[in-house]
1. Give the number of residues within segment 727-757 that are touching a Pro at 6+ places or on another chain (Cβ under 8 Å) and either open to solvent by 20 Å² or more (accessible area, probe 1.4 Å) or on the phi > 0 side of the Ramachandran plot (or both).
2. Condition (residue is over 23 Å from Glu203 (Cα atoms) and not in a helix (DSSP H, G or I)) applied to segment 494-509: is it met by at least one residue?
3. Mind listing just one residue for me: the one in segment 428-466 that is free of Cβ contacts under 8 Å to residues at least 40 places away in the same chain, among the polar types (S, T, N, Q) and part of a loop (DSSP other than H, G, I, E, B) and, of those, farthest from Lys482 (Cα to Cα)?
4. Would you confirm whether any residue within segment 401-422 is open to solvent by less than 40 Å² (accessible area, probe 1.4 Å) and touching a His at 6+ places or on another chain (Cβ under 6 Å)?
5. All but one of (1) in contact with a helix residue (DSSP H, G or I) (Cβ under 8 Å, 6 or more places away or on another chain); (2) modelled with pLDDT of 95 or more; (3) aliphatic (A, V, I, L, M) hold for Leu18, so report the exception by its number.
6. Do you know which of the residues in segment 315-337 that are in a helix (DSSP H, G or I) and not aliphatic (A, V, I, L, M) is surrounded by the most Cβ atoms within 10 Å (Cβ to Cβ)?
7. Taking segment 338-365, which residues are of a type outside the set (A, V, I, L, M, F, W, C), touching a Pro at 6+ places or on another chain (Cβ under 8 Å) and buried (at least 17 other Cβ atoms within 10 Å of the Cβ)?
8. If you scan segment 298-312, which residues turn out to be of a type outside the set (Phe, Trp, Tyr), closer than 16 Å to Pro370 by Cα and either touching a residue at least 24 places away in the same chain (Cβ under 8 Å) or open to solvent by 50 Å² or more (accessible area, probe 1.4 Å) (or both)?
Amino acid sequence: MPKKSPAPTPATRRERSLEKTFEPASFEARWYGIWEREGRFQPAGDPEAPTFVMVIPPPNVTGRLHIGHAFGRTLEDILARWKRMRGHRTLWVPGTDHAGIATQMVVERELAKEGLDRRALGREAFIERVWTWKKQQGNVILDQLRRLGCSVDWSRLRFTLDPELSEAVRTAFVRLYADGLIYQGFRVVNWCPRCGTAVSDLEVEREDTEGTIWKIRYDVPGVSSGAVVATTRPETMLGDTALAIHPEDPKTAKLRGKTAVLPIVGRTLPVIEDPVLVDKEFGTGVVKVTPAHDANDFASGQRHGLETVVVIGPDARMTDAAGEEFAGLDRFEARKKVLARLQAEGRVVSAEPHVLALGKCQRCGTVIEPYLSKQWFVKIAPLAEPAIAAVERGDVRFVPEMWTKNYFGWMREIHDWCISRQLWWGHRIPAFTCANGHVTVSEVDPTACATCGNEELAQDPDVLDTWFSSQLWPFSVFGWPKETADLKAFYPTSTLVTAWDILFFWVARMIMAGLHFTGKAPFTDVHIHGLVRDEHGQKMSKTKGNVIDPLEAIDEFGADAVRFALAIFASPGANIPLARSRIRDYRAFATKLWNAARFTIAQLDGGPKAESLEGRALRLPERWILSRLHGTATEVNRQLEAFRFDEAAQALYAFLWHELCDGYLEMSKPVLSGREGTDEDRETVRAVLDETLRDALALLHPFMPFVTEEIWEKLTDAPGTLIVAKYPLGRADRRDKDAEKAISALRAVVTRVRNFRSERAAGPTEPVELRIDPKSPEAAVISRLEDLSALLTAMGRLSALSFSSEARGGVQDVVEGVAMEMSFPKKAAGADKVAISRKLADVDEEISSVGAKLRNSQFLEKAPPEIVEKMRRRLLELEERRAAL
């Protein structure tokens, strides 16, 4: 017989016990501090062990942790902690992005409060102010990542404007320029008049807006009906330099070879044939061409050699080229005046309501203006080809796989990338122009022109698009372009986790840059997740009042509950419907685990780990819980390998709540209390509880690191070691189908007995007589249930249990192939009938009420569909309840 552990001293018992109430705020910060101080987040272990490396999608330095950040970072941390426990040398690199336009706007607002303007301050003084702001406020989001539990290696913290990363950016620019892949030229770009800069497509938010589409008649000499064009922006017609038709459209054949006259201005416009610009099946078949104010028109103008006339300036006011009547007017005021002129001349054929996707600046909400300006561009096609091939070869894999098709579609239609921004905060473009107009691009500031030797040099005032530095992130964080030890050890990285909305703006560019500059794809797997929405699938916004602030949720429910809620809803590629009530549910889950751990630790008497299970004779319940533990371990590892965080979380939830807490703990109590079994049985149960809880904590740790580490400390007397404990993989020799089938049948029978009481409005302790038929469909399991008679009687609170084929007039049922009959003792039968009659009357009354509503046509027409569906489900439930009664 195994030796019983010595009774602990009272001090030891207190030290190892958990507080009665689960309060995550009492230990979360403490554990994070311990992990960080002990270097647990740094890559460690056998140098020959496999590595697992991620770089964090760098949040803006101006940022505050929002629910989208919390979602992505939770998934990354689950992977990092899981791989660390699997024995990989795990490195997760943190950092922030300088966020050019966002940061500049924040500091400009601060200056405005002081009555200052950046232009009056000057470039150098302004940049100094931004650095001061960054030092004071720029690390807020990093501390918030700590609160979430992110196990990033803080010793490798990076910022996109760090000297080393700035060197990488400059090197990349110079090399691309030398390769002929960077050029300067005029193109139509997204322009924010308020911010005074070009912005990327990602920084333009499209809103469906009620507008108007006007059809306007242009005179065409020789064509009596003229040409009718449709436009939503009449003010831009002042910059028209052509009309376009489709060469194969019979409707507009009469215009072929003609010239038109631009209303108001009187300029002669050629009628060009352009099958790319014109859809002959859409609209009037005639398109106005304004090369300076529309990207598609600009491309057409390039194909046909058209003049460009800029009629809207960078301040969104009409230029002198728009004519004296309109010059200086705001673009929308000009629209009214242009329409008034056209109407006076009888040229407005129609004006119809039209919904258009109006682009607004993400930062300030100003309507974006397509604007022709001189910018720096990257030629993308030569970079895109190798990036497409890398995915085709399988060097880079997208999960879910459906995003591969999207990637190919976008990459094969990709356009040159505008990389210059008219800002002061950021990586300044390393291009220097001499007095003779020659451009020198250099990795160090030149003292003379490389072409003519002139020493009068001026650096380009623009800075690079933030995405230019971000595309280098997977290797610049390791010291590239230098051949550092970190670059050799940790690049390429393993996995990138990011949302689908930056697949093209960031992920694709990282693949292109990685291949071009290092010859290697920057990562192997890209897990694309959805966006977090509210419980109704709507975008969260302060206006709607449906925003969930993760920091507030952590304060209320704990970081573990927030993390688990996000993980369990992380269906691949789908948006995440999240409600505060669901986070509250997983706070309850953590509390359930806490209470189960308190019970287990108390049963272990605060002593050392129970002796090994090897060689012990195990009863069916112990064989069952160990089988389910190792089955769960196998499943969780399999799902994490496939990035199915939701399935892994569901498996853990089901095991811990339903099988360990509601199952085995209940089964163990008769033995632990001494009502059943021997001393040896009790020691075996204690050993099984110990091993099961240890492995369960390890399995759950990547998802809920704080509560599991707190319990682990009390269970093992090894504080702070769960984070580096071995992750359970699941042992095949622990799987026991016979035990699983037997205990599953036992639990199904117990559940049916409890439901029998509920159906008859009997109390949970009301005694029930149970008969099990030995001739059940699953006869093989009956002998197992006979072995478990004492446990079945206790769990089902039975007054009598028999195994017989003789019916006795009770309620019969079959669950999991076990034929059974239930009844109350005769003494309770009269009371039972009264209670049933009372309950039946209540159910009949509610059926009548619900049925009346569902027969009411006005209710069906006016009520929201989800309410009607809920009523129908309720009616079905009531009818099933009535049948049972």
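1. 1
2. From segment 494-509, those over 23 Å from Glu203 (Cα atoms) are 494-495; that's our starting set.
In the following step, the residues that additionally are not in a helix (DSSP H, G or I) were identified as 494-495.
The answer is yes, given that some residue of segment 494-509 is over 23 Å from Glu203 (Cα atoms) and not in a helix (DSSP H, G or I).
3. Among those residues, the one meeting the criterion is Asn436.
4. Scanning segment 401-422 turns up no residue that is open to solvent by less than 40 Å² (accessible area, probe 1.4 Å) and touching a His at 6+ places or on another chain (Cβ under 6 Å).
5. Result: Leu18 fails condition (2) only.
6. Step one: of segment 315-337, the residues in a helix (DSSP H, G or I) are 320-322, 331-337.
Pick out the ones that are also not aliphatic (A, V, I, L, M) and you get 320, 331-333, 335-337.
On the way: Asp320: 12, Arg331: 22, Phe332: 11, Glu333: 14, Arg335: 19, Lys336: 13, Lys337: 16.
Applying the filter and picking the extreme gives Arg331.
7. Arg347
8. Kept after step one, since they are of a type outside the set (Phe, Trp, Tyr), are these residues of segment 298-312: 299-312.
After this cut, where a residue has to be closer than 16 Å to Pro370 by Cα as well, the list is 299-301, 308-312.
Once the filter is applied, which keeps residues that are of a type outside the set (Phe, Trp, Tyr), closer than 16 Å to Pro370 by Cα and either touching a residue at least 24 places away in the same chain (Cβ under 8 Å) or open to solvent by 50 Å² or more (accessible area, probe 1.4 Å) (or both), segment 298-312 yields Ser300, Gly301, Thr308, Val309, Val310, Val311, Ile312.
The values are calculated or read from the model by the stated rules, or taken from the named source; none is laboratory data. Bear in mind the structure is a predicted one, so any value in this text is a computation, not a measurement. Note: ideal-geometry Cβ built from the backbone for every residue, glycine included; neighbour counts use all protein chains shown. SASA here: full protein model, heavy atoms, side chains in, ligands and nucleic acids out. Shrake-Rupley method; radii C 1.70, N 1.55, O 1.52, S 1.80 Å.
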